[in-house]
Amino acid sequence: MKNIKPIILTLALATAGICASAQSRSSYFLDNYVYGYRLNPAIMSERSFFSLPVVGNVQADIQSGIGVSTLLYPAPDGNGLVTGFNSSVSSEEFLSKIKDANAIGLTADFNFISLGFRKERSMTNIELNLRTTTDAALPGDLFRLLKEGSKASAYDLSNTKINVRSYLELAFGKSHMNVEHTFTFGYRVKLLAGLAGADVLMNDTQATVNGEQLSVNVNANGRIACPFISFETKEDGTLGNANFDPTKLSPAGFGGAIDAGVVWTPNEHLSVSAAINDLGAISWTYNTLLESKGSVEFNGLDLSAENSDAQAELDKVADDFKKLANFGIVDGTASQVEMLPFTANLGARFRIPYAEFIGLGVHGSYRNGITPEWDARAALTLSPCGWFSITGNYGYGTFGPVCGAALSLTILGLNLFASVDGYCGPLGLYESIPYPVNDFRYRANVGLVIQIGKRFTR
């Protein structure tokens, strides 16, 4: 039983340390936010701008349907932490927090350069970005097996998925407003160059428990798209060390995508907007194919409260995970056209008559990753002057209650913006450090750009 645990612990805990991101949804109604076109290409910056290298737009995001308190618990002696698989934690307490399908999602977006050219009724933007997406789906049976494997005879571990993609994005965008200033349409055309991709899928994988012995019938496939990385094969035919070959630096795939959006402003107080982003695909060439098939048997792992803590458990299961995930290299290559996870945004905003600096808005978003994700929020925006705007929001989505805030500040042509989205559910406290009890989501975005030229408003 011990050899399955790293699948959960590695994915649910180790991936939490990966810096990743998606565009902050708290910025949707933020005035003078230059990157609004990323959420909806019909949203135009008030002025022309160019980004500063490195600090132009930095973002970070992680979201999970598995809460910290689901996996980690105070040790019974009060010294440190243990995992939910420890015998000191009851099955009822641990498994009540586990869903039939459990998702972990990470996305990364690093901006190298951005240019925006604003005219009275139109705007043009050009960007170069590095984007990375990571998605994992873990079936509930995986957790139930680990916690109480002896209480049932069979567990279905199929549909355990991991998907990682990294690619460069060169984007050209255009938006245009009609003469009456009531309707704006925008689009972004993107050329994509795949840098690296990898995925693992456990197909028909079943675990059978007989007393203290666990038998796992493994049927898993993996693919790696990275032409400048090759792998050695051990004497037993399994995956060995990775080797970097700088002479083979080249894209692992090519593709394209488009964003499209509209903003309807029937009067000076009301605006309604809708957009769909990342509608496209990449054709990947997988230079390394992996396969793991057969039956593996293990004995149980002693995780008694007397001799175990969270770190010790992680150390124990890490070694055994290598035995279970015993992939071998399959001869040949493969190519596949894969759709990008697209995002849809819908929003409405109302400015208070005789107090136009106050805005009330609603926003809904949907993303179709390995596990679809959605949220809906209500927002309040304050823009007392042309150089300062602040907004806050609260809502609910796939990963529980969410709230966020964002601000934009312009001084002497330098525009500083920052935003944060976060989990708003119950919090626990461990050694004076708060942590989310249930599902969690955290997203941060900060950047600095230079604005130039005339300021245009509706």
message = Would you confirm whether or not segment 287-298 contains a residue that is among the acidic types (Asp, Glu), modelled with pLDDT under 80, assigned to a strand (DSSP E or B) and surrounded by fewer than 18 Cβ atoms within 10 Å (Cβ to Cβ)?
response = yes
Residues of segment 353-371 that turn out to be in contact (Cβ under 8 Å) with a residue 60 or more places away in the chain and more than 19 Å from residue 396 (Cβ to Cβ), as a count = 4
request  = For segment 345-365, indicate whether the set of residues that are modelled with pLDDT under 95, part of a strand (DSSP E or B), among the acidic types (Asp, Glu) and within 16 Å of residue 421 (Cα to Cα) is non-empty.
outcome  = no
task = Among the residues of segment 230-281, count how many are closer than 17 Å to residue 327 by Cβ and in a strand (DSSP E or B).
result = 10
request  = State whether the residues of segment 145-154 include one that is closer than 22 Å to residue 219 by Cβ and part of a strand (DSSP E or B).
outcome  = yes
task = Read through the list (1) under 19 Å from residue 163 (Cβ atoms); (2) within 26 Å of the chain's Cα centre (by Cα); (3) surrounded by fewer than 17 Cβ atoms within 10 Å (Cβ to Cβ), then give the number of the only condition that residue 191 fails.
result = (1)
message = I'd like to check something: does segment 195-209 contain any residue that is under 17 Å from residue 167 (Cα atoms) and part of a loop (DSSP other than H, G, I, E, B)?
response = no
query = Hey, which of the strands (runs of 3 or more DSSP E) in segment 68-141, taking only ones fully inside, have at least 1 residues that are touching a residue at least 12 places away in the same chain (Cβ under 8 Å), on the phi < 0 side of the Ramachandran plot and among the acidic types (Asp, Glu)?
reply = 101-118, 122-139
key: Selected residue [surrounded by fewer than 23 Cβ atoms within 10 Å (Cβ to Cβ), more than 30 Å from residue 59 (Cβ to Cβ) and in contact with a strand residue (DSSP E or B) (Cβ under 8 Å, 6 or more places away or on another chain)] from 109, 100   = 100
request  = Among what's in segment 267-280 and is at pLDDT 95 or above and either of a type in the set (Ser, Thr, Tyr) or surrounded by fewer than 16 Cβ atoms within 10 Å (Cβ to Cβ) (or both), pick the residue that is farthest from residue 219 (Cα to Cα).
outcome  = 270
request  = Pick out the one residue from 414, 407, 380 that is surrounded by 17 or more Cβ atoms within 10 Å (Cβ to Cβ) and modelled with pLDDT of 90 or more.
outcome  = 407
request  = Please give the number of the condition residue 184 fails out of (1) modelled with pLDDT of 85 or more; (2) part of a strand (DSSP E or B); (3) over 25 Å from residue 28 (Cα atoms).
outcome  = (3)
Long-range neighbours under 6 Å by Cβ, at least six apart or interchain, first residue at positive phi and surrounded by 12 or more Cβ atoms within 10 Å (Cβ to Cβ) within segment 231-250, second in a loop (DSSP other than H, G, I, E, B) and among the charged types (D, E, K, R) = none
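The values are calculated or read from the model by the stated rules, or taken from the named source; none is laboratory data. Bear in mind the structure is a predicted one, so any value in this text is a computation, not a measurement. Here Cβ is always computed from backbone atoms with ideal geometry, including for glycine, and neighbour counts include all displayed protein chains.
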